[in-house]
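Read the structure below first, then the notes.
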Amino acid sequence: MNKIKSSKLLTKKTLKQIPEFDNHFLVLQLNNSATKLHGYIAIHRKNGSLPSFGATRLLKYPSDKEALKDALKLSKLMSYKSALAGLPYGGAKAVLIKPKGKFSREALFKSYATLLNNLKGQFITGTDVGLTVADLDSMKKDTKYLVGYFSNPEKYTALGLFFAIETTCQKIFGTKNMKGRTFAIQGVGKVGSEFLKIVYKEAKSIYISDTNKERLAYIKKLFPKVKIIDVDNIHKQKVDIYMPCALYYTLNKKSIKDFKCKIIIGSANNQLESADIADKLYDKGIFYGPDYIVNAGGLISVVDEYKNSSINNTRIKNNVKKIQKIMSEIIKNSDKENISPERIADKLAKKIINKK
Ligand code: NAD
């Protein structure tokens, strides 16, 4: 590992001081001052010789420590996601800190690709927030450990959300039909917009918000009947389904007071600021679908791409549909034990991971 240029393996002694550390398999700090690459790769768990999966994000962070914490939390969540999606792989994540000022994306990603090679396939990655397929293009000459070119992960993440919502609507409203359902979507990026394609025709009303005004204008053009809501008010809408599809910790002590929805299911990772928020939502009678179950469609699709030489959309769709089975099981056990679906999912994920 010490051969890796521009990167440093963080020791357990250093990591133990961070509450988010969960005895991770490996954590690397990445640095390349020439290209302004700075960030972390965290592999939470490995299963034998199989690689661990997790997308790469490029984002501004208030501090270096926050980026490291995010990598630790997100990689753990990826292990949970993989376990509950019935996949044998461990979870991982790369968090790159968006440089201040001007930088060349191409140079940054090329230098990142070189570092990926040194992990010799232990980590397979793709596009998360802040990355597009064009960035994968910048890397593809320098590394083969990439997925998400052909399998269209955001489309399948959105489809997985749809399946999870169907199962939940069956429980809450006695029907999985989307006719007459109302939605509020926080963040209409790659996943949010793919989800719109699925429900736009049937839904009664759809509220959307995004911090990016150009993006909002673009989406409004594509889906004229959506109503744009201020970013501070999107979660306060009285709707059937509220969908956090932007960034993390939007379900928190402050926002929980405002929710008037019946269901919360969205693509963002780490939606809960802390685990007790899930209990509070449960006590309020709001169904919260654990993020690492409902947003597993993207992972399922890139794993399919990794394993197979050609894309078969029916096969991917059938695998993504399995989210309904795990959702039904979680709902059943939550009802039986009278605790939040999040607690049930957490217990089950830990049990599966510890067996690997
Ligand atoms: P994206 O970057 O394409 O979209 C995110 C959108 O949220 C952007 O348009 C951004 O402007 C907006 N946004 C940021 N902060 C906001 C705020 N406070 N209020 C409203 N809008 C805000 O990312 P994406 O690929 O669509 O992913 C969305 C979320 O889902 C991320 O948290 C990501 O980690 C998670 N996720 C994505 C996938 C996938 O397949 N892309 C899979 C699993 C999980």
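Of everything in region 330-356, what is surrounded by fewer than 19 Cβ atoms within 10 Å (Cβ to Cβ) and closer than 21 Å to G298 by Cα? Give them in sequence order.
Of everything in region 330-356, those that are surrounded by fewer than 19 Cβ atoms within 10 Å (Cβ to Cβ) and closer than 21 Å to G298 by Cα turn out to be D346, I352.
What number of residues within region 208-240 satisfy the criterion of being within 12 Å of the ligand (Cβ to nearest atom), buried (at least 21 other Cβ atoms within 10 Å of the Cβ) and not hydrophobic (A, V, I, L, M, F, W, C)?
Qualifying residue count, region 208-240: 3.
Which one of V199, V231, V191 is out of contact with any Phe, Trp or Tyr (no Cβ under 7 Å at 6 or more places or on another chain) and closer than 17 Å to T157 by Cβ?
Matching residue, one of V199, V231, V191: V191.
Taking the stated definitions as given, is I331 more than 16 Å from the ligand (Cβ to nearest atom), assigned to a helix (DSSP H, G or I) and modelled with pLDDT of 95 or more?
yes
In region 303-315, is there at least one residue being free of Cβ contacts under 8 Å to residues at least 12 places away in the same chain, over 25 Å from F183 (Cβ atoms), among the β-branched types (V, I, T) and away from the ligand (no atom under 16 Å from the Cβ)?
yes
Working only within region 108-157, note down all residues that are of a type in the set (D, E, K, R) and within 16 Å of the ligand (Cβ to nearest atom).
D128, D135, E154, K155
Say we look at region 66-109 and pick out the residues that are assigned to a loop (DSSP other than H, G, I, E, B) and of a type in the set (S, T, Y); which of these is nearest to P51 (Cα to Cα)?
Y89
For region 158-191, which residues satisfy the criterion of being within 16 Å of the ligand (Cβ to nearest atom), modelled with pLDDT of 95 or more and part of a helix (DSSP H, G or I)?
If the condition is that a residue be within 16 Å of the ligand (Cβ to nearest atom), modelled with pLDDT of 95 or more and part of a helix (DSSP H, G or I), then A158, L159, G160, L161, F162, F163, A164, I165, V191 are the ones that fit.
The values are calculated or read from the model by the stated rules, or taken from the named source; none is laboratory data. Given the structure is predicted, the values throughout are model-derived calculations rather than measurements. Virtual Cβ from ideal backbone geometry, glycine too; neighbours counted across all protein chains shown.
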